[in-house]
Amino acid sequence: MQIRKITLSGALAFALLLLTLPITSAQVVINIDATAEVKPISPYLYGRNNSFSSTDPNWTLPEADLVRLRDAGVRFFRESGGNNSSKYNWRRKLGSHPDWYNNVYYNSWDQTALTLQKHFPNAQGMWAFPLLGYAAKSNAANFADWTFNRSQWWEGVNQNLAGGGVPNATGTKAKTEGNTTLYLQKWNADSSVAILDHWFGEKGLGLKKEGIRYWNMDNEPEIWSGTHDDVMPKQVSPQEFMQLYIDVAKKARAKSPDIKLVGPVTANEWQWYNWDGKPVTENGKTYPWLEYFIKSIAEEEQKSGVQLLDVLDIHFYPGTKKTEEVVQLHRVYFDKNYIFPEANGVKTINGGYDNSISKEYIFARCNDWLTQYLGTDHGVTLGVTETGIDESIAPSVTAVWYASTLGEFMKNEVEIFTPWSWKTGMWETLHLLSRFNQTHSVKAVSSNETLISAYPSINAAKDSMTVVLINRSPDQNQTVNIQIENFLPLKEQVPVYTLSQLPAAETFVSRAQNALKKSELNVADNTIPITIPAMSVTSFVLRGGGEVTGVETETAAFQVFPNPTWENLTVKWTDSDFEKISIIENSGRRIYEEKLAKSQREITINYKLTSGIYLVRLTGSNGRSVVKKIIAR
């Protein structure tokens, strides 16, 4: 991980500010369809980086940390260590730290993997295959940072001082560079993938490979000449990197066919599009870096028949500190209408620098490239294995940002999400969503998506639905009217759990000790009004099996006959404002729907119904609906 600053014109920032302030007291309508856009939710969205220590051979997981991790529902652990993974030597249990003089320290992936599988046998762990070509050899040539300044951070911690370097009092470049041969050794593809034998082989540690299927292909290779300039003062070409990638990927796949290869692990928004500061040029054509990566993978797969990519992985480190921008960051990934204030790399997408381009939708672009080069059934999913927002962001804003991102990833089938920075508000959010969310995302449409979002999910049996509501207003409660189709909730008092007004200090300790505020919601129909607090995340679970209430009368205003019915059903009404008619099973699933003409007052429906109880509903443009129960025999 690195902090990467991005500049932005004041005019663009001000324009975006105007676009992202739709704060209004008007009621927001949320339409949820329990049978539309049903998509599985990956359990690996509930992930973290660096949950275990591996720098102390005597370390054990503290009980408080164990409880917090379990109760928060962490199900995916990325433990490779970011930049420190590029020169990791699993044989010697040593890592070279590029962000700390390149000093070499003890680092046991064996220890963290064994700890993970002992305490979290059903979780998934992820480490990395180094591709850089060098690995830590010895800590005997470390820079004496304690003697120098008692190991305090200063701007020169990135100077290459391991190996006998001479520090420079200012800047990031040493007066004399250290000798890399004193602390590093050559490291090839065979050495990288041999960890699979060490962990899972016949004479290995006995780890379960089904619990460690995912492997990062190194880390942020586009900036190696910055992070690892001791061995790469000049950035390797994208073509040379692809050969490094392909070599390791093929050898890893040969050893473990079920492995999940996760790459290219891009550093930030600029690097999504640029390699060594610019788009990739090949054979007279220019490509954004991620497009070129996908294209190269596709070409090699066609030649070799070996699958070289399972999860397309990126990192994202926005720099904004503004609340109104932070709470919209989830839109960077898929929203084709969102103008991103920090758009920078995307402006180079066509070559040159086009300042008029400001819409990222990076994952939507990647999905298009994957389909273009690998075909419609490519099977490659998406992941974000590092991200973080500014430390100054308030906990409630952090919770809204994190929940919004999780929600977008749920409904767009992202497979992996492991934030790097972990701030107050994230434990609480992770616990709320991992505890109550169901297994499949379903469609929700908000009348004001910028302000209020809903992320509903349903279980496999389709008899339980969780609704997550997010209010992005900084200071106003919002009244929301939820209208649910194809799911009939029971009439009952439903517990509601909310995160709002979180304090600066961490509040999440366990499932029993946290900051969730509990209230109750009276559910009487599949139209549910609720008021949610400012800057909040709210979740509640609905049980299926109820009945829709509405106007059910034997008057001439709404007649359905014959009832009981068999096949032909006639419906008559006197009002003029109904726009559609539908038939709903008792489970809540809509099985028939037809639009109505404005002057229409009668319809005959030729639809054969099986035995059971059904509901006939007339719906108007103003949201008004009338419902009548019928019996089919």
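Assorted remarks:
- Qualifying position, being more than 30 Å from SER434 (Cα to Cα), in contact with a Ser or Thr (Cβ under 7 Å, 6 or more places away or on another chain) and acidic (Asp, Glu), among GLU342, GLU324: GLU342
- Residue check, PRO474 outside the structural domain of VAL616 (by TED's automatic domain parsing) and closer than 22 Å to GLU520 by Cβ: no
- Some residue of segment 334-354 being outside any loop (DSSP other than H, G, I, E, B), free of Cβ contacts under 8 Å to residues at least 60 places away in the same chain, within 25 Å of PHE77 (Cβ to Cβ) and of a type outside the set (A, V, I, L, M): no
- For segment 392-412, the criterion of a residue being of a type in the set (D, E, K, R), surrounded by fewer than 23 Cβ atoms within 10 Å (Cβ to Cβ), in a loop (DSSP other than H, G, I, E, B) and touching a Lys or Arg at 6+ places or on another chain (Cβ under 9 Å) is satisfied by no position.
- Failed item, numbered, when ARG213 is tested on (1) touching a strand residue (DSSP E or B) at 6+ places or on another chain (Cβ under 7 Å); (2) crowded, with 19+ Cβ neighbours inside 10 Å: (2)
- Of all residue pairs spaced 6 or more apart or on separate chains, those with beta-carbon atoms under 6 Å, a first member in segment 590-614 that is in the same structural domain as THR574 (by TED's automatic domain parsing) and a second member that is among the charged types (D, E, K, R) and part of a loop (DSSP other than H, G, I, E, B) are LYS608/GLU567; SER611/ARG633.
- Subset of segment 86-110 [surrounded by 16 or more Cβ atoms within 10 Å (Cβ to Cβ) and touching a Pro at 6+ places or on another chain (Cβ under 7 Å)]: SER86, LYS87, TYR88, SER108
- Checking TRP275, TRP224 one by one, the residue that is hydrophobic (A, V, I, L, M, F, W, C), under 30 Å from GLU391 (Cβ atoms) and touching a helix residue (DSSP H, G or I) at 6+ places or on another chain (Cβ under 6 Å) is TRP275 and no other.
- For ALA267: the one exception among (1) under 17 Å from ASP354 (Cα atoms); (2) touching a His at 6+ places or on another chain (Cβ under 7 Å): (1)
- Any chance ASP276 is surrounded by fewer than 19 Cβ atoms within 10 Å (Cβ to Cβ) and at positive phi: yes
Residue-by-condition table, conditions (1) out of contact with any Leu (no Cβ under 8 Å at 6 or more places or on another chain); (2) free of Cβ contacts under 8 Å to residues at least 60 places away in the same chain; (3) crowded, with 22+ Cβ neighbours inside 10 Å:
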| residue | (1), (2), (3) |
| --- | --- |
| GLY47 | yes, no, yes |
| LEU61 | yes, yes, no |
| ASP65 | yes, yes, no |
| ASP71 | yes, no, no |
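- Failed condition for TYR455, given (1) farther than 16 Å from TRP401 by Cα; (2) among the aromatic types (Phe, Trp, Tyr); (3) assigned to a strand (DSSP E or B): (1)
- Of the helices (runs of 4 or more DSSP H) contained entirely in segment 220-326, those carrying at least 3 residues that are closer than 20 Å to TRP187 by Cα and outside the structural domain of LEU132 (by TED's automatic domain parsing) fall at 238-255.
- The number of residues in segment 582-600 being modelled with pLDDT of 90 or more and part of a loop (DSSP other than H, G, I, E, B) comes to 1.
- When VAL157, VAL166 are screened for being within 21 Å of VAL104 (Cα to Cα) and in contact (Cβ under 8 Å) with a residue 40 or more places away in the chain, only VAL157 passes.
- Test result for GLU79, of a type in the set (Asp, Glu) and without any contact (Cβ under 8 Å) to a residue 12 or more places away in the chain: no
- Boolean, THR35 is over 28 Å from GLU324 (Cα atoms), modelled with pLDDT of 90 or more and not in a helix (DSSP H, G or I): yes
- Residue within segment 158-168 that is in the same structural domain as ASN219 (by TED's automatic domain parsing), in a strand (DSSP E or B) and surrounded by fewer than 20 Cβ atoms within 10 Å (Cβ to Cβ) present: yes
- Filter pass, ASP197 being farther than 30 Å from GLU269 by Cα and of a type outside the set (Ser, Thr, Tyr): yes
- The number of residues in segment 458-486 that are touching a Leu at 6+ places or on another chain (Cβ under 8 Å) and part of a loop (DSSP other than H, G, I, E, B) comes to 2.
- Hits in segment 285-331 (condition: under 29 Å from GLY81 (Cα atoms) and of a type in the set (Val, Ile, Thr)): ILE294, ILE297, VAL306, VAL311, ILE314, THR320, VAL326, VAL327
- If you check ALA64, ALA123 for being of a type in the set (A, V, I, L, M, F, W, C) and under 23 Å from VAL262 (Cβ atoms), only one passes: ALA123.
The values are calculated or read from the model by the stated rules, or taken from the named source; none is laboratory data. Note that the structure is predicted; figures quoted are calculated from it, not measured. Counting neighbours? That spans all protein chains shown, and the Cβs are built from the backbone with ideal geometry, glycine included.
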